[in-house]
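These notes are about the structure you will find just below.
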Amino acid sequence: MADIKDWNALAKPDPEWDQAVNDLMGGNQPDLGLFPGIPELRAWITSTKLATAAQMGAGKIEGVVEEEHQVKMRDGESITVRTYRPEKKPEGGSAMFVVYHGGGWCIGGLENEELLARKVVEKLGAVVVNVDYRLAPEWKATSNASSLGADPSKGFVIGGTSAGGNITAVISLMARDEKLSPPITGTLLMIPFYVSHQYIPESWKPDYNSWEQNRNAPILSQKACNLFIDNYLPDVSKRNDPLMSPALWPTGLKGLPPAVFQVCGQDPLRDEALIVEREMREQHGIKTKMLVYPGQPHGFWSVLPTMDASKKFVEDSVGGVQWLLEQK
C-alpha cells in the first residue's frame with residue numbers, strides 16, 4: 001500500500017479487461033445501473049454466478065461436506081446458511097470463516113461465495129459459513145460453531161464482498177464494542193462499502209476522488225450504486241447511520257482485528273477502502289494487508305471469471321484468509 005503514490009492512476013483500464021470485454025461481450029461494457037430494477041438484476045446475478053461456477057470448475061470438491069441450516073434471527077424470522085467443512089477434521093481442529101455475499105444489499109445469494117467457500121475448506125481446512133442474509137427492498141453467528149465442527153479459538157475470520165464487506169465491517173465493530181467471545185480474529189474486506197458519499201468525513205476529502213473519477217465505471221457506476229442504495233435506505237438523511245456507514249462509527253477503528261483489503265482501481269468505492277486501511281495501519285497500528293487490482297472494475301472476477309486477474313483475485317482471497325489466520 002505504501003508504494004501506491006497516485007491513487008487516481010489506478011483507474012486506468014486494465015488492457016486484459018478491455019480485451020475480454022471485446023472478445024466476450026462485443027465491446028459492450030457491463031453496467032448494473034442500466035437494469036430497470038432489482039428483480040431484473042437478481043435474475044442476472046443468479047445466472048451470472050452459476051455460469052461463473054461452471055467456468056471456474058466450482059463443482060463440489062471431494063472431501064468437503066456441504067450442509068444447509070435454518071438460523072433464527074432476533075425478530076423470529078429465519079435465514080439460510082450453507083456450511084462447508086472438511087470431511088476429515090484437521091489435527092488441532094478447524095478455524096472458522098464466515099462470509100457475506102455482495103450485491104448492494106439487494107441482490108445475490110449463497111451462490112455468490114460458493115467458489116471461495118469451497119477453496120477455503122480445500123486449501124485451509126477451515127469450516128466456512130456462507131450467509132444468505134435478507135435483502136432490500138423487502139427487508140429494510142458464533143453460538144453454534146462447535147456443532148459445525150469449528151473451533152473459533154483456532155481462528156475466527158469474517159469476510160464479505162461489496163455490501164457483504166460493509167456487513168463485515170459493521171459486525172467487526174459491534175463485536176469489538178460488545179467484547180464478543182470468542183473474538184473475531186480477522187476481517188477479509190473485498191471491495192467494501194464504508195460510507196455514503198453524502199457524508200464523507202472532512203478529513204477524507206483531499207484523497208476521496210474515486211466516486212467522481214469512476215462515476216461511469218463498468219459494472220458499478222454511480223447510477224448502479226444509487227439504484228442499490230435507494231432501495232436499501234431511501235431516506236438520505238439516515239445514510240449517516242453507522243450501521244450503513246461504518247466509517248462514521250462513534251467509537252472509531254481502534255482495537256479492530258487484522259484486516260485484508262481487496263480493492264479495484266476502476267471502482268467508485270476505491271478510495272474509501274484505501275483511506276480506511278491507511279487509518280487502521282497508521283493511526284491505530286492494526287495489521288493490514290492491501291491487495292489492489294489496477295484498472296479493474298468493481299466485481300470484475302464475477303463477470304469475466306476466466307481472466308488471469310479474476311483467477312488471481314480468488315486465489316488472493318483464499319490467501320487473505322490464510323494470512324489472517326496466521327496473524328492470530
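For first residues located in the range 146-157 and in a helix (DSSP H, G or I) and of a type in the set (D, E, K, R), partners that are surrounded by fewer than 24 Cβ atoms within 10 Å (Cβ to Cβ) and at pLDDT 85 or above and lie 6+ apart or on another chain with Cβ distances below 6 Å form the pairs LYS154/GLY93.
Count of the range 165-206 residues, restricted to those that are modelled with pLDDT under 95 and touching a His at 6+ places or on another chain (Cβ under 6 Å), is 0. The number of residues in the range 6-32 being buried (at least 17 other Cβ atoms within 10 Å of the Cβ), over 19 Å from ALA224 (Cβ atoms) and in contact with a strand residue (DSSP E or B) (Cβ under 7 Å, 6 or more places away or on another chain) comes to 2.
Taken over the range 237-265, the residue count meeting the criterion of being touching a Ser or Thr at 6+ places or on another chain (Cβ under 8 Å) and either farther than 14 Å from ILE167 by Cβ or part of a strand (DSSP E or B) (or both) is 9.
Against the conditions (1) surrounded by 23 or more Cβ atoms within 10 Å (Cβ to Cβ); (2) out of contact with any Lys or Arg (no Cβ under 9 Å at 6 or more places or on another chain); (3) not aromatic (Phe, Trp, Tyr), where does ALA150 fall short? Just the number, please. The number of the failed condition is (2). Residues that are under 20 Å from the mean Cα position of the chain (by Cα) and at pLDDT 90 or above were ranked within the range 68-90; the one that is nearest to ILE229 (Cα to Cα) is ARG82. Every test in (1) buried (at least 22 other Cβ atoms within 10 Å of the Cβ); (2) out of contact with any Asp or Glu (no Cβ under 6 Å at 6 or more places or on another chain) is passed by HIS298 save one, and that test is (2). Among the residues here, ILE38 qualifies as modelled with pLDDT of 85 or more, closer than 17 Å to PHE228 by Cα and β-branched (Val, Ile, Thr). Scanning the range 91-124 for residues that are modelled with pLDDT of 85 or more and more than 17 Å from the chain's Cα centre (by Cα) yields a count of 7.
Could you please give the count of residues in the range 277-295 that are in contact with a Gly (Cβ under 8 Å, 6 or more places away or on another chain) and either surrounded by 22 or more Cβ atoms within 10 Å (Cβ to Cβ) or assigned to a helix (DSSP H, G or I) (or both)? Total satisfying the criteria: 2. Please verify whether PRO258 is modelled with pLDDT of 95 or more, surrounded by fewer than 18 Cβ atoms within 10 Å (Cβ to Cβ), of a type outside the set (Lys, Arg) and over 24 Å from ASN22 (Cα atoms), treating the condition exactly as stated. Against the criterion (modelled with pLDDT of 95 or more, surrounded by fewer than 18 Cβ atoms within 10 Å (Cβ to Cβ), of a type outside the set (Lys, Arg) and over 24 Å from ASN22 (Cα atoms)), PRO258 does not qualify.
The values are calculated or read from the model by the stated rules, or taken from the named source; none is laboratory data. All of these numbers come straight from a predicted model, not from anything done at the bench. So basically every Cβ, Gly included, is an ideal-geometry build from the backbone, and we count neighbours across all protein chains shown.
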